[in-house]
Every structure is written in C-alpha cells, then in structure tokens.
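J.: First the structure, then my questions, so here it is.
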Amino acid sequence: MHGRLKLRPADSARRRQREEKLRHYREAMDALLGGPPPAQVLSLTGAVLAANPDVGTCWNLRRRALGALGGDWVPSELAFVGQCLGVNPKSYGAWHHRGWVLGHAPAPPAGREDLALCERLLAADPRNFHAWEHRRALVAGQDPEAELAFSGALLSRDFSNFSAWHHRLRLLAPARGEPGALPPEKLKEELELVQNAVFTDPTDQSAWVYLRCILSRAPPPPRVVCLHVDREDATLAVIFSRPVKVNPECPELKATVDGSALAGPWRSAEGRPRPSHTWLCHLPAPPTESPAHLEVTWADSAPRQVTLLPGEAEAWWQEPIVERELFWPELGVAAAPVLQEQVQVCRELLELEPQSRGCLLTLALLLAALDPRGGAREIREHLGSLRAADPLRSGFVAHVQSRFEAALAVLGAGQELSLASKGLTAVPFLERMAALIRLDLAGNELRELPAALGALRRLRELDLSDNHVTEVGVAPPLPRLQLLRLDQNPIGHALALAPLAAWPRLARLGLAETPLGSAPGGPAHLAELLPGVEVAFS
C-alpha cells in the first residue's frame with residue numbers, strides 16, 4: 001500500500017453546508033443587483049460580508065447605502081467591520097471600508113478602540129501589514145514614545161519581528177532625507193537594542209537590516225555629474241548621478257548654447273522611455289571660429305557649464321568624485337566613531353558566530369564606508385565568507401562585490417580603466433566613468449552589455465572577452481567606439497550582433513573562439529549585417 005494516494009471520502013455534511021452558503025450568497029446578490037432600498041442593502045450586504053469580507057461589490061453598495069441613509073451610523077458600522085476582520089484579518093475591502101467610515105465620523109474618534117483592535121490582530125499575526133498601516137495612521141502626529149514602547153514590548157518577546165522593527169524606524173526617522181535624523185542619545189539607545197538582538201540571535205536578519213537603516217539616510221536627489229559635447233555627432237549628453245525620467249519637453253532639464261535655449265527634444269541614451277543615467281539632445285552646428293558656451297540646469301540645482309573650443313571635436317565637464325558617495329552612499333547619519341564602534345561589535349560577534357550572514361554583510365559595508373582601500377582585503381574575505389555561508393543568495397553577494405570592485409577602480413581611474421577578472425556580474429558607476437577612452441571588462445561573469453553603457457560618450461575601446469554575453473540586445477550605441485572585443489563569448493548567431501550596425505564609428509569587432517566563427521554561413525551573414533566592420537575570428 002506504500003506510495004498509493006489515499007483519497008479522503010467526501011464529507012457530505014460539509015458539502016451540503018457549502019451548497020447552502022452558496023445558495024444564500026446567490027440569492028442575496030440577485031436581490032442586491034435588483035436595486036433594493038438602502039435599509040435592505042445593509043441587511044443583504046451584511047449577510048454576505050459576514051461570511052466573506054472580500055466581496056468588493058458589497059462594500060461599494062454598502063457605502064452608497066450608508067450615504068443615502070444619513071444619521072450617526074459610524075459606531076455600528078465600525079463594530080460590523082470589526083466582526084468582518086475577525087473572519088479575515090487581512091481583508092483589503094474591510095480595512096478600506098474601516099478607513100472610509102472613520103473619515104466620515106462627525107468628530108475624529110479617540111482611536112482607543114482601533115488601537116485595541118490592532119493590538120489583538122497583531123498578537124495573532126505580527127506580520128499583518130494592514131493592522132500596522134492602520135495603527136500608523138491613528139498615531140500620526142502624536143508623541144511617538146508610546147508607540148516606541150509598544151514596538152519595544154513586541155521586540156522583547158521576539159527579536160525577529162521585522163514588522164515591529166519597521167514600525168520603530170518609521171517612528172524615529174519620518175524625514176530620513178536629512179542627515180542627523182536621530183539625535184546622538186537616541187541613536188545610542190537604538191544601537192544598544194540592536195546589539196542585544198544580534199547577540200541573542202545572530203542568524204536573524206531583522207535586526208541587521210534595522211541597523212543598516214538607522215545608520216543611513218535617504219539618497220540625495222539626482223544631479224548632473226557630467227556633460228559631454230560632441231561636435232561631429234551634433235549631440236549634447238547630460239549624465240546624472242541616478243537614473244531619471246525626462247519627458248521629451250521636460251521643463252526641469254534646460255540647456256542653452258551661448259544663451260539660446262536648445263529646442264530639444266530630450267531622448268534616453270538607452271533608446272527606451274524609462275529612467276536613465278544619460279539623456280541626449282540634438283545640438284545645432286556650433287560656431288567654428290569662436291568658443292561655444294553650453295549651460296545645463298536640472299530642477300533647482302546650480303547650472304553646469306562646458307565650453308567647446310574652435311577646432312575641438314568634443315568637450316566635457318565632470319564633477320569630482322567623492323569617495324564616500326561610492327561606498328554605502330546613503331551612509332551619513334552616523335559619525336565615524338559610531339561606525340568604528342559597530343565594526344568592533346561585529347568583529348566580536350563574528351568570533352562567536354563566523355557564519356552570521358547579517359554580521360558578515362554589515363561588517364563589509366562598514367569597512368567600505370570607513371576605509372575602502374585600506375580594508376579591501378578584509379572586505380573581500382568577508383564577502384567570500386558570506387557567499388559560502390549563503391549560497392542561495394550568491395547572486396546578491398556577487399552584486400555587492402561588483403559594486404565594491406567598481407567603486408574601488410573608479411577612484412584611481414584616468415582615461416583608461418581595467419576591471420578584468422574581478423568576478424563582476426554587473427558594472428555599476430558607469431556614470432562616473434564618462435571620461436574613459438578604454439575600458440577592460442574581460443574575464444568576468446557579465447551576461448549582457450550594461451544598459452548604462454550610453455554614459456561612456458568618449459569610449460574608443462571596449463573589451464568584453466571571456467564573459468557570458470550571448471547578444472548585444474538593447475545596448476545603446478557608443479558614438480566614438482572603434483574597437484569592441486567579444487572573444488570567448490557564447491555568441492552563436494549573426495543576428496545577435498545586428499544592433500552594432502547602429503554604432504557609427506565601430507571599425508573592428510573581435511569574435512575569436514565564439515560559436516559564430518564555426519557556424520555555417522555565420523561570418524558571411526555577419527559581413528552583410530555589418531558592412532565596413534573588420535571582424536576577427538582568430
């Protein structure tokens with residue numbers, strides 16, 4: 001009998017009960033759709049919602065009926081919604097209706113009953129985000145100390161209550177865009193609470209996430225970090241610190257040439273209507289006998305300027321790189337001594353729990369924020385240990401390591417940069433590499449050309465040999481690229497390289513040791529797609 005599926009005999013009584021409920025539901029819905037008077041609507045919808053609070057049509061009809069009846073129906077309706085939440089504590093319709101009822105109260109209720117309701121539901125399920133959001137709305141604008149005590153009580157019972165940590169963060173740092181959101185004494189208290197949590201259960205991620213959040217601030221708004229003017233390509237490129245969405249006729253982004261506004265429109269360097277680091281605008285033929293002064297303004301920031309001199313084919317301006325913005329750029333609330341103290345705490349815990357994933361990640365990030373160059377070896381060791389301790393999230397660790405290696409290389413970059421054999425799965429900070437002429441990315445784990453590649457307006461040579469690239473895809477054309485090496489990549493069809501036909505100055509393409517070189521008709525087909533491009537298969 002082993003291995004045979006055991007079929008439970010049908011429960012006839014339960015089946016009859018379901019059929020009876022279905023019959024009542026259909027009768028009630030038929031009556032509701034017939035347009036009964038408001039009083040009957042309340043009775044019918046009450047019968048349906050008491051059994052199933054997720055019928056949105058009934059909630060809509062009920063609100064319409066309550067609006068027509070008039071009178072003080074708020075207390076009874078709140079009691080009814082409470083009964084429905086007892087059936088399904090995570091009913092979207094019930095929670096929305098409760099908020100609607102509170103909004104129609106003659107006077108704002110004290111909220112004690114709702115707070116008690118939230119406490120009961122959170123005691124049953126601490127992850128009920130409906131109850132958390134409702135509670136936050138109730139206490140908005142009030143003294144947060146009572147709520148801090150509430151979340152502290154929950155955490156004292158269970159440090160893994162991520163929702164309680166999140167609630168606490170929302171109370172302490174409502175405007176996290178400003179440095180210094182937490183006073184030093186309050187920050188010290190929170191760090192002590194986190195320390196108790198991580199030493200109690202070093203494997204739980206909740207407290208580690210909270211620690212990284214309270215040491216951080218919201219990232220600064222996007223700003224212009226580089227301008228590039230190309231006379232031959234007749235293009236002005238504006239490169240931002242973060243991807244932004246620029247409408248074709250964007251009033252936030254303005255550019256002038258010798259005081260005259262550029263007509264636009266703006267287009268993404270990626271060729272798609274989505275947030276991008278780089279935005280391009282057609283540039284009318286600048287004067288050839290006198291300098292052309294270009295000025296770009298984004299939102300309310302200070303204008304950025306670049307001058308194209310007579311006889312020059314290009315000109316650029318680039319903002320100086322600030323080291324701290326590359327390594328954990330959101331870090332800014334805590335002073336260096338506070339971060340050093342947390343490094344010591346992490347090292348002490350790591351001696352006891354060498355496989356603590358949260359500790360390994362936090363320690364690597366703290367060291368990168370404090371001294372990325374001096375601590376590079378230790379940071380790599382911790383990230384390697386993290387990948388071994390958490391193989392299911394090796395992709396995330398590889399991304400963190402890619403950011404670290406790229407940031408470290410950018411600091412010492414001139415016009416040439418090598419990131420060969422760094423284990424990169426992505427190439428961040430391309431917007432900070434806009435002055436590069438040559439970029440070496442050979443021997444990594446890249447599967448596609450980076451979408452932000454369009455920021456490299458001056459690039460002449462790009463080496464992507466020995467990666468995992470199968471096609472060019474939607475990579476933006478680089479206006480000055482002459483040499484592209486894709487040797488030892490699994491490219492097996494000429495059509496995978498067809499987008500390269502849009503790259504105006506591409507003169508040589510390396511495809512040594514690729515399946516395309518031995519594919520029947522592959523080289524001939526590629527020659528038709530890319531006329532004038534020298535292709536090297538060896």
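The values are calculated or read from the model by the stated rules, or taken from the named source; none is laboratory data. Because the structure is predicted, anything quoted here is derived from the model rather than measured. Cβ placement follows ideal geometry from the backbone for every residue including glycine, while neighbour counts extend to all protein chains displayed. Note: accessible area is taken over every heavy atom of the protein model, side chains too, but ligands, DNA and RNA are not part of it. Shrake-Rupley method; radii C 1.70, N 1.55, O 1.52, S 1.80 Å.
J.: Can you tell me which condition residue 208 does not meet? The list is (1) of a type outside the set (Asp, Glu); (2) free of Cβ contacts under 8 Å to residues at least 24 places away in the same chain; (3) closer than 30 Å to residue 138 by Cβ, and all the others hold.
T.: Of the numbered conditions (1) of a type outside the set (Asp, Glu); (2) free of Cβ contacts under 8 Å to residues at least 24 places away in the same chain; (3) closer than 30 Å to residue 138 by Cβ, the odd one out for residue 208 is (2).
J.: May I pose another question? Among the candidates 385, 394, 421, single out the residue that is open to solvent by 10 Å² or more (accessible area, probe 1.4 Å) and in contact with a Gly (Cβ under 7 Å, 6 or more places away or on another chain).
T.: Values: 385 fails: in contact with a Gly (Cβ under 7 Å, 6 or more places away or on another chain); 394 fails: in contact with a Gly (Cβ under 7 Å, 6 or more places away or on another chain).
Going through 385, 394, 421 in turn, the sole match is 421.
J.: Are any residues in the stretch 458-468 more than 13 Å from residue 484 (Cα to Cα), open to solvent by less than 50 Å² (accessible area, probe 1.4 Å) and modelled with pLDDT of 95 or more, and if so, which ones?
T.: 467
J.: Ok, one more. Out of (1) assigned to a strand (DSSP E or B); (2) over 26 Å from the mean Cα position of the chain (by Cα), the odd one out for residue 233 is which?
T.: Just one mismatch for residue 233, condition (1).
Residues are listed down the side, and each one gets a yes or a no for (1) within 19 Å of residue 137 (Cβ to Cβ); (2) open to solvent by 40 Å² or more (accessible area, probe 1.4 Å); (3) in contact with a Lys or Arg (Cβ under 9 Å, 6 or more places away or on another chain); (4) assigned to a helix (DSSP H, G or I):
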position: 66; (1), (2), (3), (4): no, no, no, yes
position: 79; (1), (2), (3), (4): no, yes, no, yes
position: 85; (1), (2), (3), (4): yes, no, yes, yes
position: 90; (1), (2), (3), (4): yes, yes, no, no
position: 94; (1), (2), (3), (4): yes, no, no, yes
position: 98; (1), (2), (3), (4): yes, no, no, yes
position: 102; (1), (2), (3), (4): yes, no, no, yes
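J.: Sticking with this one: Let me spell it out: the conditions are (1) touching a Gly at 6+ places or on another chain (Cβ under 6 Å); (2) part of a loop (DSSP other than H, G, I, E, B), and residue 278 meets all of them except one. Which number is the exception?
T.: Result: residue 278 fails condition (2) only.
J.: Next up: Out of curiosity, is residue 408 part of a helix (DSSP H, G or I) and either crowded, with 20+ Cβ neighbours inside 10 Å or in contact with a helix residue (DSSP H, G or I) (Cβ under 7 Å, 6 or more places away or on another chain) (or both)? Quick ask: steps written out before the conclusion?
T.: Values: part of a helix (DSSP H, G or I): yes; either crowded, with 20+ Cβ neighbours inside 10 Å or in contact with a helix residue (DSSP H, G or I) (Cβ under 7 Å, 6 or more places away or on another chain) (or both): yes.
Yes: the conditions hold for residue 408.
J.: Hey, could you check the stretch 362-382 for residues that are over 16 Å from residue 208 (Cα atoms) and among the hydrophobic types (A, V, I, L, M, F, W, C) and say which is surrounded by the fewest Cβ atoms within 10 Å (Cβ to Cβ)?
T.: 376
J.: Exactly one of these conditions fails for residue 215: (1) over 22 Å from the mean Cα position of the chain (by Cα); (2) farther than 30 Å from residue 296 by Cβ. Give me its number.
T.: (1)
J.: If you check residue 54 against the conditions, is it modelled with pLDDT of 90 or more, in a loop (DSSP other than H, G, I, E, B) and among the acidic types (Asp, Glu)?
T.: Working: modelled with pLDDT of 90 or more: yes; in a loop (DSSP other than H, G, I, E, B): yes; among the acidic types (Asp, Glu): yes.
When the stated conditions are applied, residue 54 passes them.
J.: Okay, next question. Mind checking whether some residue in the stretch 509-527 is within 34 Å of the chain's Cα centre (by Cα) and open to solvent by 30 Å² or more (accessible area, probe 1.4 Å)?
T.: Within the stretch 509-527, not a single residue is within 34 Å of the chain's Cα centre (by Cα) and open to solvent by 30 Å² or more (accessible area, probe 1.4 Å).
J.: Looking at (1) open to solvent by less than 10 Å² (accessible area, probe 1.4 Å); (2) more than 22 Å from the chain's Cα centre (by Cα); (3) farther than 26 Å from residue 196 by Cα, can you tell me which one residue 402 breaks?
T.: The single condition residue 402 does not satisfy is (2).
J.: Something else: So the check is Cβ under 9 Å with 6+ separation or different chains; which pairs have a first residue in the stretch 334-356 that's without any contact (Cβ under 8 Å) to a residue 60 or more places away in the chain and a second one that's open to solvent by 90 Å² or more (accessible area, probe 1.4 Å)?
T.: Taking only residues 6 or more apart or on different chains, the pairs are 335/184.
J.: Return only the number of the condition from (1) without any contact (Cβ under 8 Å) to a residue 60 or more places away in the chain; (2) more than 30 Å from residue 304 (Cβ to Cβ) that residue 198 does not satisfy.
T.: With (1) without any contact (Cβ under 8 Å) to a residue 60 or more places away in the chain; (2) more than 30 Å from residue 304 (Cβ to Cβ) applied to residue 198, the lone miss is (1).
J.: Quick test for you: out of 504, 479, pick the one residue that is closer than 19 Å to residue 530 by Cα, touching a residue at least 60 places away in the same chain (Cβ under 8 Å) and crowded, with 21+ Cβ neighbours inside 10 Å. Outline the logic, then answer.
T.: Numbers: 504 fails: crowded, with 21+ Cβ neighbours inside 10 Å.
Checking each option against the conditions leaves just 479.
J.: Going residue by residue through the stretch 167-186, is there one that turns out to be part of a helix (DSSP H, G or I), under 28 Å from residue 87 (Cα atoms) and free of Cβ contacts under 8 Å to residues at least 12 places away in the same chain?
T.: no
J.: Cβ-Cβ distance below 7 Å, separation of 6 or more or different chains: which pairs start in the stretch 253-275 with a residue that is part of a strand (DSSP E or B) and end on one that is of a type in the set (Val, Ile, Thr) and open to solvent by less than 30 Å² (accessible area, probe 1.4 Å)?
T.: 253/238; 253/246; 255/296; 266/246
J.: Separate question: Select from the stretch 471-500 the residues that are touching a His at 6+ places or on another chain (Cβ under 9 Å) and in a loop (DSSP other than H, G, I, E, B) and write down the one among them that is nearest to residue 423 (Cα to Cα).
T.: Checking each candidate, the answer is 489.
J.: Do the conditions hold for residue 177, that is, is it open to solvent by 40 Å² or more (accessible area, probe 1.4 Å), on the phi > 0 side of the Ramachandran plot, of a type outside the set (A, V, I, L, M, F, W, C) and at pLDDT below 90? Outline the logic, then answer.
T.: Values: open to solvent by 40 Å² or more (accessible area, probe 1.4 Å): yes; on the phi > 0 side of the Ramachandran plot: no; of a type outside the set (A, V, I, L, M, F, W, C): yes; at pLDDT below 90: yes.
Answer is no for this residue.
J.: Another question, then. Answer yes or no: is there a residue in the stretch 276-285 that is open to solvent by 70 Å² or more (accessible area, probe 1.4 Å), within 20 Å of residue 213 (Cβ to Cβ), more than 26 Å from the chain's Cα centre (by Cα) and not polar (S, T, N, Q).
T.: no
J.: Which pairs do you get when a residue that is within 18 Å of residue 115 (Cα to Cα) and touching a residue at least 12 places away in the same chain (Cβ under 8 Å), found in the stretch 67-96, comes within reach of a residue that is open to solvent by less than 20 Å² (accessible area, probe 1.4 Å) and of a type in the set (S, T, N, Q), reach meaning Cβ atoms under 8 angstrom, with the pair 6+ apart or on two chains?
T.: 84/91; 85/91; 89/128; 90/128
J.: Here's something else I'd like to know. Quick one: what pairs do we get from the stretch 115-135, first residue part of a helix (DSSP H, G or I), second open to solvent by less than 20 Å² (accessible area, probe 1.4 Å) and among the hydroxyl-bearing types (Ser, Thr, Tyr), C-beta under 9 Å, 6+ apart or different chains?
T.: Final answer for the pair search is 130/91.
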